[in-house]
Amino acid sequence: MNSPSPIHPKATPDEILACLTGWLEKLAGVPPERVTADARFVEDLGLDSLAMLELMMDAEDRFGIKINDTDLTSLTTVGALVSHLQAPPKQS
């Protein structure tokens with residue numbers, strides 16, 4: 001897969017959601033109408049652990065942030081990831 005284009009660091013939640021929706025459709029075959037803030041990546045969208053890892057790595061690349069392992073466990077829904085990407089915690 002080609003490296004994705006970076007997204008603006010001040011992207012709106014809607015822009016982030018559109019980015020994630022496109023990624024989920026292209027890489028995992030998830031229909032766009034199923035991608036909602038409440039949708040759970042594994043249970044609702046059917047992502048396996050490899051797809052989740054790819055999603056998080058792509059998000060890190062596109063948004064220029066690092067997603068810590070501790071943060072990863074709480075990012076189980078699309079909405080949680082959108083919020084995290086919009087306002088990531090400060091790195092220490």
Answer yes or no: is there a residue in the range 59-74 that is of a type outside the set (A, V, I, L, M, F, W, C) and at pLDDT 90 or above.
no
When every residue in the range 43-75 that is open to solvent by 20 Å² or more (accessible area, probe 1.4 Å) and touching a Lys or Arg at 6+ places or on another chain (Cβ under 8 Å) is compared, the one nearest to Gln86 (Cα to Cα) is Glu60
Identify, by number, the condition in (1) of a type in the set (Gly, Ala, Ser); (2) closer than 18 Å to Leu72 by Cβ; (3) surrounded by fewer than 14 Cβ atoms within 10 Å (Cβ to Cβ) that Gly22 doesn't meet.
(2)
Which numbered condition Lys10 fails, given (1) buried (at least 16 other Cβ atoms within 10 Å of the Cβ); (2) among the basic types (Lys, Arg); (3) not in a helix (DSSP H, G or I)
(1)
List every residue pair whose Cβ atoms lie under 8 Å apart, where the two residues are 6 or more positions apart in sequence or sit on different chains, the first residue falls within the range 44-60 and is farther than 14 Å from Leu72 by Cβ, and the second residue, located anywhere, is part of a helix (DSSP H, G or I) and small (Gly, Ala, Ser).
Leu45/Ala28; Gly46/Ala28
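The values are calculated or read from the model by the stated rules, or taken from the named source; none is laboratory data. Fair warning: this is a prediction, and the values are worked out from it, not measured in the lab. No Cβ is skipped: glycine too gets one built from the backbone with ideal geometry, and neighbour counts run over all protein chains shown. Calculation scope for accessible area: heavy atoms of the full protein, side chains included, ligands and nucleic acids excluded. Shrake-Rupley method; radii C 1.70, N 1.55, O 1.52, S 1.80 Å.
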